[in-house]
Structure formats: C-alpha cells, structure tokens
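Peer 1: The following block contains the structure, expressed as structure tokens.
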Amino acid sequence: NTYQRKEDLMSEEFLNQFVVGALLGDGYVTKDGRLGFAHSIKQKEYFEHKVSILNEFGLSPRVREYRTKGNTYKQWKIKPADCLSARVAVANRWKSLRTLWYPEDKKIVPVDIKLDPIAIAYWYMDDGSANTRTKFVDNREGRETKHFDKPRVNQFRFHLDGFDHQSQELLQQKLQELEIDSWFYTKKDSGNRNLLITRDESKRRFKEIVFPLMKDIPSMHYKID
C-alpha cells in the first residue's frame with residue numbers, strides 16, 4: 001500500500017504514520033504535549049509540505065522563522081542557520097505520545113511501533129541520505145584505504161545518532177519485516193551509527209516503497225534518485 005489515493009491521504013491511519021515518521025526524524029513532542037518539528041530554510045518546500053498535511057487535518061500548527069546560534073559538536077563546527085519550525089497545540093493525543101516515546105525524557109523507539117510506507121518515507125526524508133559515490137576512503141587506524149566495492153558505496157542510509165542501540169536494532173528489524181535488508185556502520189572518529197541499505201534487491205524494494213510519497217516534493221528527489 002503506497003497511499004497514492006486522495007482518500008487514503010486523508011485517513012487517520014495516514015496521519016498516525018506521518019507522525020511516526022516525523023518522530024523518527026526531526027519531530028518531537030514537548031513535555032506539555034505539543035507536537036512539533038523544525039527544518040533548515042533550505043528545506044522550505046519540504047517543511048511547507050509537512051505543514052500542509054497538518055492543516056489538512058485541521059491541526060493548524062503555529063509556524064515561525066528563527067536563526068540558530070553557531071555551536072561546536074565534538075570536532076565539528078556548526079554554523080548559524082535560518083530555520084523554520086511548526087508546533088501544534090497541546091492535545092491529549094500528543095501527551096500520550098510523549099509518554100510512549102519519552103519514557104525517561106529521552107526519545108526512544110516504542111517496542112510496538114508500526115512502520116508502513118508513509119512512516120518510512122517521512123523518516124527517510126527527515127534523516128536519510130543517498131550515497132552515490134563510487135569510492136570510499138577509510139582513514140581509520142592511521143592509514144588510508146580506498147574501497148571501490150559494495151557495501152561501502154552506492155547506498156541508502158539512515159542517520160541514527162539520536163537513538164540508543166536497542167531502538168536502532170528495532171528499526172532494522174522493522175525494515176527487515178518489509179523485506180529491506182540493512183547493516184550498521186559506525187564511524188570510529190565520532191561514534192555515530194548509520195543504518196545502511198546496500199543490497200540491490202533491497203534498494204529496489206526501498207525505492208518502490210518511499211518514492212510514491214516523495215515524487216511530489218522535488219526538493220527531496222536528490223535523496224532517492
């Protein structure tokens with residue numbers, strides 16, 4: 001089910017899975033029960049697309065533009081950036097999600113999570129990327145090694161820094177249930193763990209699942225094609 005019909009897009013199940021995808025990505029629920037998300041202004045088209053979905057369901061998020069401060073994370077410098085944020089008013093449904101996703105005030109993946117193409121597509125548009133390089137240079141262990149073979153090149157990948165290993169492995173299992181094989185790669189210089197989809201049959205399957213929900217958002221096509 002790729003949810004291409006208008007009546008499917010307006011279903012409660014669509015909204016539920018859209019929210020799951022947002023929470024796996026850049027979305028959050030505040031302690032007082034407000035659903036929200038933020039994106040760089042460079043992703044304005046995608047941001048407005050997500051806001052329009054919430055408006056379709058009568059949720060009318062409050063939208064604002066702001067500028068982040070520069071920061072340093074480990075060895076990286078993060079430059080100031082113009083961003084857009086959207087936040088929905090307090091509601092019991094969001095309060096229950098806060099309890100489910102933040103049991104100890106840190107976001108985790110609920111053990112009974114359901115993933116369908118909607119959730120996966122929005123999760124990927126938020127926190128995924130396509131690696132189309134034909135060469136991978138590994139500088140670990142004090143020497144440079146060049147790889148030209150799979151699985152280090154030509155991948156779809158999810159960036160999972162915000163989740164603990166238990167949540168990451170649960171997400172891998174949920175993708176496997178949809179016949180999408182993946183493996184973990186940990187960057188030694190940062191400890192960041194990415195989930196990589198590399199087998200040709202899995203990449204075809206993944207694209208079949210997510211592209212119908214991405215095709216009307218041109219600014220997101222670079223992540224899939």
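The values are calculated or read from the model by the stated rules, or taken from the named source; none is laboratory data. What you are looking at is a predicted structure, and each value in this text was computed from that prediction instead of being measured. Using ideal geometry, Cβ is built from the backbone for each residue, glycine included, and neighbour counts are taken over all protein chains shown. For accessibility, only protein heavy atoms count, side chains too; no ligands or nucleic acids. Shrake-Rupley method; radii C 1.70, N 1.55, O 1.52, S 1.80 Å.
Peer 1: Test ASP200 against the criterion of being closer than 21 Å to ALA22 by Cβ, of a type in the set (Asp, Glu) and at pLDDT below 90, and give yes or no.
Peer 2: For ASP200, the condition - closer than 21 Å to ALA22 by Cβ, of a type in the set (Asp, Glu) and at pLDDT below 90 - is not met.
Peer 1: Let me ask something additional. With the requirement that a residue be open to solvent by less than 50 Å² (accessible area, probe 1.4 Å) and modelled with pLDDT under 65, what does region 121-173 give you?
Peer 2: PHE136, ASP138, HIS147, PRO151, VAL153
Peer 1: Given the conditions (1) surrounded by fewer than 17 Cβ atoms within 10 Å (Cβ to Cβ); (2) of a type outside the set (Val, Ile, Thr); (3) at pLDDT 95 or above, which single one is not true for LYS50?
Peer 2: (1)
Peer 1: If you scan region 174-225, which residues turn out to be among the β-branched types (Val, Ile, Thr) and open to solvent by less than 30 Å² (accessible area, probe 1.4 Å)?
Peer 2: ILE180, ILE197, THR198, ILE209, VAL210, ILE217, ILE224
Peer 1: Give the residue that is farthest from LYS50 (Cα to Cα), with candidates limited to residues of region 1-30 that are part of a loop (DSSP other than H, G, I, E, B) and at pLDDT below 95.
Peer 2: Going through the qualifying residues, I end up with ASN1.
Peer 1: Also, I was wondering about something else. Based on what the data block shows, is PRO103 part of a loop (DSSP other than H, G, I, E, B), of a type outside the set (A, V, I, L, M, F, W, C), without any contact (Cβ under 8 Å) to a residue 12 or more places away in the chain and open to solvent by less than 40 Å² (accessible area, probe 1.4 Å)?
Peer 2: Taking the combined requirement at face value, the residue does not satisfy it.
Peer 1: Could you please find all residues in region 170-225 being touching a helix residue (DSSP H, G or I) at 6+ places or on another chain (Cβ under 9 Å) and of a type in the set (Gly, Ala, Ser)?
Peer 2: Once the filter is applied, which keeps residues that are touching a helix residue (DSSP H, G or I) at 6+ places or on another chain (Cβ under 9 Å) and of a type in the set (Gly, Ala, Ser), region 170-225 yields SER182, SER202, SER219.
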